[in-house]
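The values are calculated or read from the model by the stated rules, or taken from the named source; none is laboratory data. Bear in mind that the values here come from a model prediction, so they are computed numbers and not experimental data. Here the Cβ positions follow ideal geometry from the backbone for every residue, glycine too, while neighbour counts run over all protein chains shown.
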Amino acid sequence: MKIYSLFLFVWFLMPWTTEAQDSPMIEMPAIRATKIQGPPDWAIMQQRLIAAMEEAGDFYWDRFTYPGGSTISEGPYDDLYEMFYNWPDFYIVGGAKRFYERAVSAYNGITRTNTPHAPDPGDYFHRLYKEFPTQDDFFTSAKE
């Protein structure tokens, strides 16, 4: 039955695919560089900023996290997540890949250390149960 359905799907598409092959190609404009220049000043400053942020991030990671990504400091779980939530964004804009990997490690470490075996409504610091927030307002749950 699946092969028959696939055959019908391909057969119905045939008229459109043959028409598209007969149409003329649209010429794309070509852009050519006429002279070679160095990078603009803003790009150089951006690279210096990224290098400084990487140095600060390495310092922070080495001093405030345990191996495995859990944090040395304690506090409400949402505050702990906030220490690393923008590190993947930093990686996307040009930071080293280790910051993305560390953010994932920190997320897993914080989740692991703040998930009690049994839920305790009186424990504000460890309000995760089976890796999900409990007894929090919508804003706090949504930003994680």
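The one condition from (1) out of contact with any helix residue (DSSP H, G or I) (no Cβ under 7 Å at 6 or more places or on another chain); (2) surrounded by 15 or more Cβ atoms within 10 Å (Cβ to Cβ); (3) part of a loop (DSSP other than H, G, I, E, B) that residue 105 does not meet is (3). Contact map, segment 68-88: first residue farther than 16 Å from residue 112 by Cβ, second residue in a helix (DSSP H, G or I), Cβ cut-off under 6 Å, separation 6 or more or different chains; pairs are 87/99; 87/103; 88/100; 88/103. Look at (1) in contact with a helix residue (DSSP H, G or I) (Cβ under 9 Å, 6 or more places away or on another chain); (2) of a type in the set (A, V, I, L, M); (3) modelled with pLDDT under 65 and you find that residue 118 fails only one, number (1).
Residue count for segment 32-57, restricted to those that are of a type in the set (D, E, K, R) and in contact (Cβ under 8 Å) with a residue 40 or more places away in the chain: 1. Taking the conditions exactly as written (of a type in the set (A, V, I, L, M) and surrounded by 10 or more Cβ atoms within 10 Å (Cβ to Cβ)), does residue 44 satisfy them or not? Yes: the conditions hold for residue 44. The numbered conditions (1) at pLDDT 75 or above; (2) in a loop (DSSP other than H, G, I, E, B); (3) surrounded by 14 or more Cβ atoms within 10 Å (Cβ to Cβ) are all true for residue 94 except (3).
Count of segment 60-79 residues, restricted to those that are surrounded by 10 or more Cβ atoms within 10 Å (Cβ to Cβ), touching a helix residue (DSSP H, G or I) at 6+ places or on another chain (Cβ under 6 Å) and not in a helix (DSSP H, G or I), is 4.
Within segment 7-59, the set of residues being in a helix (DSSP H, G or I), β-branched (Val, Ile, Thr) and at pLDDT 85 or above comprises 44, 50.
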